[in-house]
Every structure is written in C-alpha cells, then in structure tokens.
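Colleague: Sharing a structure below in structure tokens format, with a few things to ask.
The values are calculated or read from the model by the stated rules, or taken from the named source; none is laboratory data. It should be emphasised that the depicted structure is a prediction, and the values quoted were computed from it without experimental measurement. Here the Cβ is made from the backbone with ideal geometry for all residues, glycine too, and neighbour counts use every protein chain on show.
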Amino acid sequence: MADFISPFWDMYVKVLVALSLLFCVFVIATNMRATGKVGELQPHSWDENLQEWNNPLPRWWMYLFWLTVIFAIVYLVIYPGFGSFKGIAGWSSVGQWEKEMKAAEEKYGPLYAKYRNMDVKAIAADPEAMGMGKRLFQTYCMQCHGADARGAKGFPNLTDNDWLGGDGSPDYIKATITNGRMGVMPPFPQLGEEGAKNVAHYVRSLSGLAHDATRAQLGSKIFAENCAACHGPDGKGNPVIGAPNLTDNIWLYSSSETQIMSNVMNGLNNRMPAFGEFLGQDKVHLLTAYVWSLSHK
Ligand code: HEC
Ligand code: HEC
C-alpha cells in the first residue's frame with residue numbers, strides 16, 4: 001500500500017474498511033432486540049401448523065458476532081490491513097520471507113558447504129550430491145534449459161558437450177552460472193533478402209544439409225566478408241566471442257532456411273542470467289558439478 005504514489009488509494013481502503021466495520025456493528029446492534037411484542041405468537045404459519053414466537057436472537061449467538069468485530073479491530077491494530085498503516089507488530093510478508101530464508105540457510109547451508117572444497121569430478125561421482133544438484137537445476141534452470149537439460153530454441157542443450165563460449169570445463173561452466181553470459185550477433189539488413197538467403201544456403205552446406213549449390217556459392221563470398229570475423233573462415237566458430245560452430249549440425253535455433261535468414265537479417269540477442277550472487281558459491285559449485293556430469297558420463 002505504501003507503494004502507491006497518490007494518497008487516494010490509502011484513504012479509499014481506510015474508508016472502505018471503516019465503513020464495512022460500522023455497517024456490521026449497525027446490523028448486529030439493530031438485531032439485538034426483537035421488534036414488536038416479545039413472547040407473542042406470530043400470525044403466520046408454515047407447513048399447515050408450524051408457528052413461531054417473537055423472541056430475540058440467542059444472546060450467546062449475537063456475542064459471537066460482536067467477537068468477530070473486535071477480532072477485526074484488534075487484527076487491524078496489530079497487522080497491516082488498514083490502508084498504509086503497518087500495524088504495531090511490524091509484521092510484513094517480506095520480513096517473514098527473509099526470516100524463513102535465513103532459517104532455511106542455517107538449516108540447509110551446511111549440506112551444500114560439505115562439498116565446497118571437493119573437486120567437481122569427485123562431486124559428480126557422489127550420488128547424494130548429484131541428487132541435490134538435480135533438484136537445484138530443476139528449481140532454477142529447468143524453465144529455460146528443460147527438465148532434461150536438453151534445451152530448447154535459443155536455450156542451449158547442456159548435455160551434448162558442445163559449448164557456445166568455452167570448452168565445457170568446470171571453470172567455464174562455473175563462470176557461466178556465476179556471471180551469466182550474452183550471445184549477441186549484429187543484424188545484417190544491408191545484405192537484403194537475397195543476400196541473406198544465399199548465405200543461409202552456404203551455412204546449411206557447411207553441415208551437409210540440403211542446399212542450392214549456386215546460392216551457396218554466392219553465399220560463401222558473403223560469409224567470408226561478413227561472418228568469418230566471428231564464426232571463423234571455415235565456420236567452426238569462436239568460443240571467445242560465443243560465436244557458435246556452424247559446421248557441426250548442432251543448432252541453438254534451427255537449421256531451417258527461414259530461421260537462418262531471420263538470424264542474419266534481425267541479429268540475435270540472447271542472455272543467460274547471472275546466478276552467482278543469488279545462489280551463493282556453494283550452490284553454484286554443486287550445480288557446476290551437476291551440469292558438468294551431464295556431458296561427461
Ligand atoms: C532465463 C533463462 C535461463 C535460465 C533460468 C538459465 N539459463 Fe543457462 N542459458 C540461457 C541462455 C539463453 C544461454 C545461452 C546464452 C548465449 O547465447 O550465449 C545459457 C547458457 C548456459 C550455459 C552455457 C552453455 C554453452 O553452450 O556454452 C550454461 C552452462 C548454463 N546456461 C547453465 C545454466 C544453469 C546451471 C542454470 C541454473 C542455475 C541456468 N543456466 C539457468 C538461459 C537461461
Ligand atoms: C559479431 C560477431 C558475429 C558476426 C559478425 C556474425 N555472427 Fe552469427 N552469431 C554470433 C553469435 C555470438 C551467435 C550466437 C548467438 C546466441 O548465443 O544466441 C551467432 C549465431 C549465429 C547463428 C545461429 C547458430 C545456431 O546454432 O542456431 C547463425 C546461423 C549465424 N550466427 C550465422 C551468421 C552469419 C550467416 C553471419 C554473417 C552474415 C554471422 N552469423 C555473423 C556472432 C556473430
């Protein structure tokens with residue numbers, strides 16, 4: 001509530017809460033007594049002979065309603081709920097979350113710390129550690145890389161030992177998880193649709209995929225002039241800038257003519273988020289071992 005810039009919503013909530021409480025009080029108060037003459041038999045009847053007396057509602061039952069009103073007021077004094085008033089207990093959902101996170105860290109931290117000084121290869125051979133690594137992966141990485149880590153369009157497969165930006169060593173994997181990475185390729189609108197199509201056929205020819213030989217011929221010149229700087233003169237890629245090998249028939253996007261043309265015309269801007277600060281080094285170490293194990297059976 002404190003996030004609202006205008007004080008209007010604060011007042012709006014306060015007035016609504018106060019009015020509803022007042023309304024409850026009004027309804028309960030006006031129903032404490034019976035109207036008309038108490039103890040009189042009412043003139044109407046149901047089901048032929050079922051009749052009712054005019055009596056007040058049971059006291060104990062009415063008091064329950066008063067209790068709910070008192071509960072609401074006490075609650076609103078202690079906890080947040082009355083507009084931007086924070087309550088005297090100082091409770092907040094963020095505070096509770098932080099407390100729970102701290103408790104979890106104290107409880108589970110040592111489990112991860114146990115592997116802190118162990119070699120990645122030794123951790124990969126430890127079934128218990130791998131179970132923990134897998135659960136971490138399924139919590140933090142699965143939404144992009146898939147439950148089986150085989151990736152999806154734009155999200156690399158982590159099981160094939162083919163790497164965008166390195167050799168798949170534990171150091172490379174750890175640096176990637178800690179700092180994230182960027183995969184940026186500039187767009188080449190100046191090539192035009194024809195040029196993009198030709199170079200796409202050349203790129204497909206590098207992996208031995210079906211292509212038009214004439215177009216590939218024209219494309220090879222375009223490639224040498226525009227693409228070789230990053231992907232290498234032979235198209236085998238350059239891990240330093242994360243330019244993938246275009247000759248291995250492993251595709252981050254897809255090998256279709258349309259997709260390659262789109263990569264060339266629109267460029268690419270891919271990002272792996274950094275997890276170092278968020279997870280802390282012990283969890284990153286365990287995840288490194290897990291990811292490493294996926295391609296080093
Ligand atoms: C928001 C999506 C997203 C999440 C979540 C994510 N990644 Fe990634 N990851 C990517 C993208 C995109 C790339 C490729 C970046 C590029 O193009 O250079 C990548 C690349 C990688 C690479 C390098 C692959 C290579 O071929 O060089 C590793 C290793 C990796 N991720 C591990 C992880 C781990 C472990 C986690 C969980 C802690 C994780 N990722 C969570 C999107 C994600
Ligand atoms: C400035 C460096 C750079 C240049 C120049 C460059 N690329 Fe790229 N290219 C990259 C990077 C980096 C990626 C990976 C993007 C990612 O991680 O998402 C990439 C990805 C690709 C892909 C996707 C590969 C896959 O596995 O799906 C294709 C195809 C491609 N480039 C073709 C070309 C062509 C054709 C040219 C020339 C017209 C070219 N690139 C020029 C850096 C470059």
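Colleague: Any residue at all in segment 166-183 that is touching a strand residue (DSSP E or B) at 6+ places or on another chain (Cβ under 8 Å), surrounded by 14 or more Cβ atoms within 10 Å (Cβ to Cβ) and farther than 25 Å from ASP119 by Cα?
Modeller: For segment 166-183, residues touching a strand residue (DSSP E or B) at 6+ places or on another chain (Cβ under 8 Å), surrounded by 14 or more Cβ atoms within 10 Å (Cβ to Cβ) and farther than 25 Å from ASP119 by Cα: present.
Colleague: From the list ALA274, ALA229, pick out the single residue that is near ligand 2 (Cβ under 7 Å from one of its atoms) and modelled with pLDDT of 95 or more.
Modeller: Result of the check over ALA274, ALA229: ALA229.
Colleague: Over 29 Å from ASP167 (Cα atoms), within 38 Å of the chain's Cα centre (by Cα) and outside any loop (DSSP other than H, G, I, E, B): does that describe GLN190?
Modeller: yes
Colleague: Among the residues of segment 126-143, which ones are free of Cβ contacts under 8 Å to residues at least 24 places away in the same chain and in a helix (DSSP H, G or I)?
Modeller: Matches in segment 126-143: PRO127, GLU128, GLY131, ARG135, GLN138, THR139, MET142, GLN143.
Colleague: Given the condition touching a Lys or Arg at 6+ places or on another chain (Cβ under 7 Å) and either closer than 30 Å to TYR290 by Cα or without any contact (Cβ under 8 Å) to a residue 40 or more places away in the chain (or both), answer yes or no: does some residue in segment 47-54 qualify?
Modeller: yes
Colleague: Tell me, which helices (runs of 4 or more DSSP H) wholly within segment 206-297 include 2 or more residues that are outside the structural domain of GLN143 (by TED's automatic domain parsing) and without any contact (Cβ under 8 Å) to a residue 60 or more places away in the chain?
Modeller: Hits in segment 206-297: 213-226, 228-231, 257-266.
Colleague: Does segment 42-51 hold any residues that are surrounded by 10 or more Cβ atoms within 10 Å (Cβ to Cβ) and modelled with pLDDT under 90, and which are they?
Modeller: Matches in segment 42-51: GLN42 only.
Colleague: Another question about this same structure. Return yes when ILE123 is surrounded by 12 or more Cβ atoms within 10 Å (Cβ to Cβ), near ligand 1 (Cβ under 9 Å from one of its atoms) and either assigned to a helix (DSSP H, G or I) or of a type in the set (Ser, Thr, Tyr) (or both) and no when it is not.
Modeller: For ILE123, the condition - surrounded by 12 or more Cβ atoms within 10 Å (Cβ to Cβ), near ligand 1 (Cβ under 9 Å from one of its atoms) and either assigned to a helix (DSSP H, G or I) or of a type in the set (Ser, Thr, Tyr) (or both) - is not met.
Residues checked against (1) out of contact with any His (no Cβ under 9 Å at 6 or more places or on another chain); (2) within 25 Å of ASN157 (Cβ to Cβ):
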position: GLU105; (1), (2): yes, no
position: ALA113; (1), (2): yes, no
position: LYS121; (1), (2): no, yes
position: ALA124; (1), (2): no, yes
position: GLU128; (1), (2): yes, no
position: TYR140; (1), (2): yes, yes
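Colleague: Considering ASN245, ASN263, ASN238, which residue is within 9 Å of ligand 2 (Cβ to nearest atom), under 17 Å from HIS211 (Cβ atoms) and surrounded by 15 or more Cβ atoms within 10 Å (Cβ to Cβ)?
Modeller: Just a single option satisfies the conditions, and that option is ASN263.
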